[in-house]
Structure formats: structure tokens, C-alpha cells
Amino acid sequence: MEYIDVAIIGGGQSGLATAHALLRRGLRPVVLEASARPAGSWPLYYDSLTLFSPARYSSLPGTPFPGADRDRYPHRDEVVAYLTAYAGRLDVEIRVGSRVSAVRRTGDVFAVELEGGDRLSARAVVAASGTFGCPHRPALPGLEEFTGQVLHAADYRSPATFTGRRVVVVGAGNSAVQIAAELAKTARVTLATRAPVKFAAQRVLGRDLHFWLTLTGLDAAPFGRLLSRPPVQPVLDDGRYRAAMAAGRPERRPLFTGDDGTKLIWPDGEAEEVDAIVLATGYRPDLPYLAVLDGALDADGNPRHREGIATGVPGLAFVGLEWQRSLSSNSLRGVGRDADRVARRLAAYLARG
């Protein structure tokens, strides 16, 4: 069996930031990436996705986001190219096509099992596999019986196949509003939410919101330790999404209460024929490989940790969790801070061993 210092599971933004931080401390991690290239889930997001943070606030440690216009909002493909280049400059071994199936504890080391039967032994493990592989599909009234098309935002790519159709998008976050507004240009769309959508201005006093978050220190403030569950964040808007909804493109309605075949039942009793439902209902940590590791996850499959350090499994850490430590923990601009803290703690742990 092969022996290594640290196995990083996931080669997206979280795994790459962690590898960078560990290298700075003299460790030689191995990054295990399930897909064919080290860009994480970014290549799989919908075609029109753009960041809500400007390029100047969208960088991993050591490498600014490229481009002359530092205030633009990068497109999905720009992020993919940036992460691919970042990985290429790291002096670290990245093994693509290496999906981890299980992590077990064997004495003082971890046995990391890969699909296909390969195994390696690591003194420490960092789970940096993100959330995209675990889309959240809530139990909505009548959804199981609905006979029309149902897909999660993880499976949505473009509005091309929805032209002229009746579509309901479920969700009140940034992706839900962005997808619904895009679809509404060629389809009849309702944004169904439990409560009215909350907006936050993208620009305040002539500056992007992220300038103020950085200036005040709120972006890196350790609020995560105070939260029992991540709060619902408002939709960042430069005015176009609020205007689109005010014009009814998309319209917003309270969540449906049931269905009858392809008809959804709205709270006022109206039954309406619907072609498709898009669930923009978020994601959960994608950690099935830790299910067999005692103490790693709670009963609901959530990681047991404090600011990324596992509370019940020495040598195990997490990077890239939502609100792991701050509101920017699972973002390009913030994951490096968390990765550095985790790397420092792991380096101290390994030095003791």
C-alpha cells in the first residue's frame, strides 16, 4: 500500500487552496480528484453562471484572478480556466479520475479506498469535495406524484430546451433567481418560494458590496462558530432581478400545496398545468466516503467539526463547507483563509506524531 502525509479529497477550489497551504508548511499532499480535470464542479454549472463577486475578490492564495478589468464579474468558463491554470502551477501531485469510495481509520493512519480497488494510507485526510455532488431535493407537497419534468439546478444548463414551456423554479437564492430570470426570457416562469425574496444591493455608495465586506472585516469574521445552521443569504442584485420580478418575468408565488398529474395546486386553490419544475434548492456536503468513519458525521450526514477540524476523528479536516468559519468560507475569495487555518492545525498534528 502507498503511504503519504495528507490525502486531499477533491481537486476544486477548496482542495487546491488546501494543497497550496500545506505545501507552504513543507508537507507533500496528494490531491484525489474524481473528475477528469482539477476544476471541481465549476465545469458542470449552468452555462450563463457569473460570479456575484468581482474578479479582484475572486482569487485563491498566491494568484490574482487574471484580466485587466478587476471589477468585472467573471463567467463560469473563466473560473474553470483560472482553476486549471492554478492547479498547473502547484508543485503537487493531482490524480484525476480518482474517486474516493471510503475512508477508514486503521490505527494512527487512514486507509483511503478508491473506486476500482486501489488503496493508499495517509496520516491525515482533508475532505474538500464540496457540495455539487449532493443536490438537496426537499420533500415538497405533491412533488413525488408530479408527472411532468423535475430537475435540480445541478442538471440545468441553458433555457434552450424550455422555450415556450410553463416552468416553475423553486428557491429564493441567487441561483434560483438567476435561472428563473433567464428562463423567463423564452418561457412562462414562476418563482415559487416559501417567503418573499430578499435582495441586497450589489453596489453601495458606488462600490461593490464585497469592497465593504472586506473593509469592515465582516467577510472574514468567524460567525460560523455561532451558527447552528447556515442562514439564508439575500440575492445580490444590481437592480435587474428586482425589476424583472416586478415586471412578472418571472412572477413570484407562494410555494404550491400539491399536484394533480402535471397540474400544480397553488395556495389559492388554482390548478395549473406545468411542464417542468426546476429545484434551485441548494446542496449538502458531499461526503459519502466518510459514512464508514466513526465520529466523522452526525446522524444527518453533516460533518462534525469546529472551524474545519473534525471533533471526533484526529487527523481529519474539512475545507470548503458553507459557513465553515465565515460567510466567505465556501467561496473563491474566502476558502484560502480556512485552508490556511486547517493546514496549520494539521501540520502541528503531524509534527506531534
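Quick rundown of the values:
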{"item": "Within segment 260-292, tally of residues that are under 27 Å from T186 (Cβ atoms), open to solvent by 20 Å² or more (accessible area, probe 1.4 Å), β-branched (V, I, T) and within 25 Å of the chain's Cα centre (by Cα)", "result": "1"}
{"item": "Test: residue in segment 183-195 that is without any contact (Cβ under 8 Å) to a residue 40 or more places away in the chain, within 22 Å of R337 (Cα to Cα), of a type in the set (A, V, I, L, M) and surrounded by fewer than 12 Cβ atoms within 10 Å (Cβ to Cβ)", "result": "no"}
{"item": "Matching residues in segment 231-250 - criterion: being in contact with a Leu (Cβ under 7 Å, 6 or more places away or on another chain) and part of a strand (DSSP E or B)", "result": "L236"}
{"item": "Unique residue being touching an Asp or Glu at 6+ places or on another chain (Cβ under 6 Å) and open to solvent by less than 30 Å² (accessible area, probe 1.4 Å) when the list is G320, G295, G308", "result": "G308"}
{"item": "Any chance R345 is at pLDDT 95 or above, open to solvent by 40 Å² or more (accessible area, probe 1.4 Å), part of a helix (DSSP H, G or I) and within 23 Å of P29 (Cα to Cα)", "result": "yes"}
{"item": "Residue within segment 213-233 that is open to solvent by less than 60 Å² (accessible area, probe 1.4 Å) and closer than 23 Å to T281 by Cβ present", "result": "yes"}
{"item": "When residues of segment 104-155 are limited to those that are charged (D, E, K, R) and assigned to a loop (DSSP other than H, G, I, E, B), the one farthest from the chain's Cα centre (by Cα)", "result": "D108"}
{"item": "One residue from A21, A68, A39 being part of a loop (DSSP other than H, G, I, E, B) and within 30 Å of R119 (Cα to Cα)", "result": "A39"}
{"item": "Residue that is nearest to the chain's Cα centre (by Cα) [pool: residues in segment 239-259 that are over 13 Å from V177 (Cα atoms) and exposed (fewer than 14 other Cβ atoms within 10 Å of the Cβ)]", "result": "P254"}
{"item": "Residues within segment 112-124 that are crowded, with 18+ Cβ neighbours inside 10 Å and closer than 17 Å to L350 by Cβ, tallied", "result": "5"}
{"item": "Y241 vs. criteria of a type outside the set (G, A, S) and under 15 Å from P196 (Cα atoms)", "result": "yes"}
{"item": "Every residue from segment 71-103 that is surrounded by 21 or more Cβ atoms within 10 Å (Cβ to Cβ) and in a helix (DSSP H, G or I)", "result": "V79, Y82, L83, Y86, A87"}
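The values are calculated or read from the model by the stated rules, or taken from the named source; none is laboratory data. On a predicted model such as this, the values are computed, not experimentally measured, just so you know. Neighbour counts run over all protein chains shown; Cβ positions are idealised from the backbone, glycine included. The accessibility values were calculated without ligands, DNA or RNA, using every heavy atom of the protein model including side chains. Shrake-Rupley method; radii C 1.70, N 1.55, O 1.52, S 1.80 Å.
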